[in-house]
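The values are calculated or read from the model by the stated rules, or taken from the named source; none is laboratory data. Computed from a predicted structure; not experimentally measured. Here the Cβ positions follow ideal geometry from the backbone for every residue, glycine too, while neighbour counts run over all protein chains shown. The area values use the complete protein model at the heavy-atom level, side chains included, leaving out ligands, DNA and RNA. Shrake-Rupley method; radii C 1.70, N 1.55, O 1.52, S 1.80 Å.
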Amino acid sequence: GKSGYDHYMHKEIHEQPESLRRTTQGRVNTLTGAVDFEEFDEDLFAGVTQVHLVAMGTSYHAAMYAASLLAARGVPAYAFMAGEYSLMRPPVTDSTLVVAVSQSGETADTLDAIRRARSAGARTLAVTNVVASSLTRECDDSLLIRAGPEIGVAATKTFSSQVTALMLLCERVVADVTGTPSAESRDLLESISRLPGDIQAVLDTSTALEVAQAYAGSEAYFFIGRGVAHSVALEGALKFKEISYEHAEGFAASELKHGPLALVTEHTPVFVIFTGRDDEMTLNNAKEVQARGAPVIAITSHTDGDIVDLADHVLTVPETHPDLAGVAANVQLQLVAYHAANQLGRSIDKPRNLAKCVTVE
Ligand code: M6R
């Protein structure tokens, strides 16, 4: 049941401290900076030259997040929408690792992409929430995210568990491929161990309801961020449109001036995600939208200073490693989407036209 919550989505948002604990349970050694996965063969990563991540929807955003971390650590990595990947001749060799990210493990586009990659000679790994799903059968190996069952059509706790599991995977791949843990490994794993508490703090203190109320009836809702926060901007917008039926779009902060800025007015609140990396640049983008009259909602760990001074509203997240900052920021955006949809009386757990699992291409 919904254990006292009005909607499964709200319940599942609140389950994140617990689900994240399960995701990392027994997989992290904060002392040595090593990641221990029990599930698969060590050879899976030996000599990997390239990583492709294939996925759809929210899982694609988690894949983008991971690709940007791997690439930053010197491992060539690319995220593809599985439905598009299936249209190309798989650009793989036997040293390509293709990681399929899917909550359900049953998404048709993702299964198709993995089949094609596999027959073209790639190694394949499923990152999924469902034991014995089709995806786990089609891939050489599987990494379970252990988020627990998710009933709401909107993916919430599974996104944070996907990102966290993929982060552990990234550290492991980097260590195996380069022979040494990444320079960030120890700090990052330490921050991951604090993540459940960080998310709990967001859940306990969030002012997302106020923000949703303040901007109800806007023409459109925009979300911007750079680096890992680009994927969080896309995810924030997907969640918002999916359950509120309002127009919402996410952009890379760098993309604004190349078109989207033309849409920005006083009727289009802009959610700006700060991670603690390249915040100066992102602050400039916030100034640009504010100069067009748009309200700025900053998601940041800062409690004073330039970002807070500029913003019309602040959604605060605990300070953490910049690579991880997107996860707590995303929880704030999940809450905003939830409250916005709830005010509009939407069918939150079963939005119109959508299914939890898309088994046709
Ligand atoms: O089960 P999967 O992770 O493969 O599903 C992929 C998408 O269909 C899914 O994430 C969808 O975008 C969600 N409804 C988003 O909340």
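Here are a few things to note about the model shown:
- Of all DSSP beta bridges in the stretch 25-104, antiparallel share, percent nearest 5: 15 percent
- Compactness index (Cα Rg / 2.2 N^0.38 Å), the chain: 0.94
- Only Lys, Arg, Asp and Glu carry charge here, each on its Cβ (+1 for the first two, -1 for the last two); on that basis the stretch 1-100 has a dipole of about 340 debye about its Cα centre.
- A quarter of the convex hull surface defined by the alpha-carbon atoms of the stretch 120-164 gives 3.7 nm² as the mean projection.
- The chain, dipole about Cα centre (Lys/Arg Cβ +1, Asp/Glu Cβ -1), debye to the nearest 20: 720 debye
- Cross-link reach list, lysines versus LYS11, counting only Cα pairs under 30 Å and skipping chain neighbours closer than eight places: LYS2, LYS157, LYS239, LYS241, LYS350, LYS356
- Projecting the Cα atoms of LEU168, THR320, GLY197 onto the charge dipole of the chain (Cβ charges, centred on the Cα centre) puts LEU168 farthest toward the positive pole.
- Over the stretch 298-358 - Rg/Rh using Cα atoms and the Kirkwood inverse-distance radius: 1.11
- Environment charge at TYR60 (Cβ cut-off 14 Å; Lys +1, Arg +1, Asp -1, Glu -1): -3
- Range of Cα positions in the stretch 115-205 per principal axis (Å), largest first: 49, 39, 16
- Helical contribution to [θ] at 222 nm, DSSP H n ≥ 4, -39,500 (n - 2.57), averaged over the chain, rounded to 500: -13500 deg cm²/dmol
- Placing unit charges on the Cβ atoms only, positive for Lys and Arg and negative for Asp and Glu, gives the stretch 46-180 a dipole magnitude near 80 debye about its Cα centre.
- Element breakdown for the stretch 128-222 at a 1.4 angstrom probe: carbon and sulfur atoms account for 51% of the accessible area.
- Note, ³J(HN,Hα) from phi for the stretch 216-231, Karplus 6.51, -1.76, 1.60, rounded to Hz, x at Gly and Pro: 4, x, 6, 6, 7, 10, 10, 9, 10, x, 10, x, 4, 6, 5, 5
- Surface accessible to a 1.4 Å probe, per residue, for the residues of the stretch 205-361, Å²: 41 Å²
- In plain terms, the bigger the Kirkwood radius, the slower the diffusion; for the stretch 237-330, with that radius from Cα pairs, at 4 °C and 1.567 mPa s, Stokes-Einstein puts D at 95 µm²/s.
- In this structure, the amide hydrogen of ALA79, modeled 1.01 Å from its nitrogen in the peptide plane, lies closer than 5 angstrom to those of LEU53, counting only residues at least 5 positions away or on a different chain.
- Under a 5 Å amide H cut-off, with hydrogens placed 1.01 Å from N, ALA147 pairs with nothing among residues at least 5 apart or on other chains.
- Mean projected area in nm² (Cα convex hull; one quarter of hull surface) for the stretch 1-115: 9.4 nm²
- Phi-based couplings in Hz for the stretch 330-337 (Karplus 6.51, -1.76, 1.60; Gly and Pro marked x): 5, 5, 4, 5, 4, 5, 4, 4
- A Stokes-Einstein calculation at 25 °C with viscosity 0.890 mPa s, built on the Kirkwood radius of the stretch 13-79 over Cα pairs, returns a diffusion coefficient of 174 µm²/s.
- Ranking GLY345, SER301, HIS230 by Cα position along the charge dipole of the stretch 206-359, where only Lys, Arg, Asp and Glu carry charges on their C-beta atoms, puts GLY345 farthest toward the positive end.
- With θ taken as phi - 60° and the Karplus curve 6.51 cos²θ - 1.76 cosθ + 1.60 applied, the whole-hertz 3J(HN,Hα) list for the stretch 289-302 is 6, 5, 4, 8, x, 6, x, 10, 10, 8, 10, 7, 8, 6 Hz, x standing for glycine and proline.
- The apolar share of the surface of the stretch 264-361, taken as the fraction of accessible area on carbon and sulfur atoms (1.4 Å probe, ligands and nucleic acids excluded), comes to 46 percent.
- Against the rule of thumb 2.2 N^0.38 Å, how large the Cα Rg of the stretch 159-248 comes out: 1.40
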